[in-house]
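Working notes, structure below.
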Amino acid sequence: MNITRASGFAAIIAAGAIVLSGCAANEPTGEAPDETTSTLEGTLVGAGASSQQSAQEAWVAGFQSANPGVTVEYDPIGSGGGRDTFIAGGSQFAGSDRAFKDEEIAEDAFGACVPGTGIVEIPAYISPIAVVFNLEGIDTLNMDAATIAGIFAGQITNWNDPAIAATNEGVELPDLPITAVHRSDESGTTENFVDYLAAAAPEVWTYEVSGDWPVDGGEAAAQTSGVVDAVANGTGTIGYVDASRSAEFGTVAVQVGDEFIPFSPEAAAAIVDASPLVEGRGEGDLAIELDRTPDSAAYPIVLVSYLIACNEYAESDSVELVKAYLSYIISEEGQQVAAEAAGSAPISNDLFEKASAAIEAIK
């Protein structure tokens, strides 16, 4: 385990009066660790991004195993639903595939938080968004940004279109209509995907960037699971999903410069580490301004999914639960179980240090 990250995690745990089994397992005692000594109790409620679902399931299992007195509930209702639930005070934390916007924060209407104290936003889940398709006998295709944008804008409608053929020499493309599948619900995955299209192919993708799908036509499906089902059950379908849900499909390698880059956690992390924080935010707000048009071999269709909490909670019972759970998620153990369960990219040491300080300051 990285020494800096391990010691930072230990300090946060000490403040929360718990001992996680991952730390005990690393102690060189020569014997099996005792049962958890955690005294933490209560129920922690979160809701939000369905892209985090696989990671959240792994995080909940690991955290509850070390803290049997705690129940963590996470409802993957989508990023927009998660933000709305957090605003309404229906959850103690939210998962969101985008950070809150400046104007949303200015309204200061977060139900669980003390008014005027602001929020914490931690980019704890970093994952590629895979462009997936269902074509018999074809496992991968190369596409530039304009071609991807043209397909989802309804301008490229057949799989043997010259724009697709031009970057896939030797691939026998079928004479088959394209069915483009998009999210029907407000979605952070959608917002990240169209943000890439608008930045990388502005001459084709002329729509406003938001979590709501802006184009008429195609097929709509609710949440990540709905898009996965629609692509899997169709013929000639194409969609965009968190990379953790892409295993059964053909996938698109995206043009960056003169190369076509397939998705990978490492290529996604390269974009994040090179992107600055959003200016003018509070000390615990680690929202990132993603660079969608890199000049190096990094995968540009990336989703940074946030954990959102209060700087100061109206209910004091929430504080230690939130701090302990978020601390576990950003720890080396937490990031590793997410990588194994969902194929996400572990956060960097620099981001870990900033996130640790943000969590420690929660009260």
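Looking across segment 305-346, the residues that are in contact with a helix residue (DSSP H, G or I) (Cβ under 6 Å, 6 or more places away or on another chain) and either in a loop (DSSP other than H, G, I, E, B) or among the basic types (Lys, Arg) (or both) come down to 323, 331, 343, 344, 346. Taking strands (runs of 3 or more DSSP E) as the structural unit, those lying wholly within segment 190-267 and holding at least 1 residues that are more than 25 Å from residue 126 (Cα to Cα) correspond to 219-221, 237-242.
Among the residues of segment 315-327, write down those that are among the small types (Gly, Ala, Ser) and at pLDDT 95 or above. If the condition is that a residue be among the small types (Gly, Ala, Ser) and at pLDDT 95 or above, then 324, 327 are the ones that fit. Scoring residue 184 on the criteria (1) more than 11 Å from residue 236 (Cβ to Cβ); (2) surrounded by 21 or more Cβ atoms within 10 Å (Cβ to Cβ); (3) under 27 Å from the mean Cα position of the chain (by Cα) leaves a single failure, condition (2). Against the test of being under 25 Å from residue 287 (Cβ atoms) and either among the β-branched types (Val, Ile, Thr) or touching a Leu at 6+ places or on another chain (Cβ under 6 Å) (or both), the options 156, 164, 126 yield a single qualifying residue, 126. If I filter segment 128-145 for residues that are at pLDDT below 95, surrounded by 24 or more Cβ atoms within 10 Å (Cβ to Cβ) and closer than 22 Å to residue 192 by Cβ, do I get at least one hit? Within segment 128-145, one or more residues are at pLDDT below 95, surrounded by 24 or more Cβ atoms within 10 Å (Cβ to Cβ) and closer than 22 Å to residue 192 by Cβ.
The values are calculated or read from the model by the stated rules, or taken from the named source; none is laboratory data. No experiment lies behind these values; they were computed from the predicted model shown. Here Cβ is always computed from backbone atoms with ideal geometry, including for glycine, and neighbour counts include all displayed protein chains.
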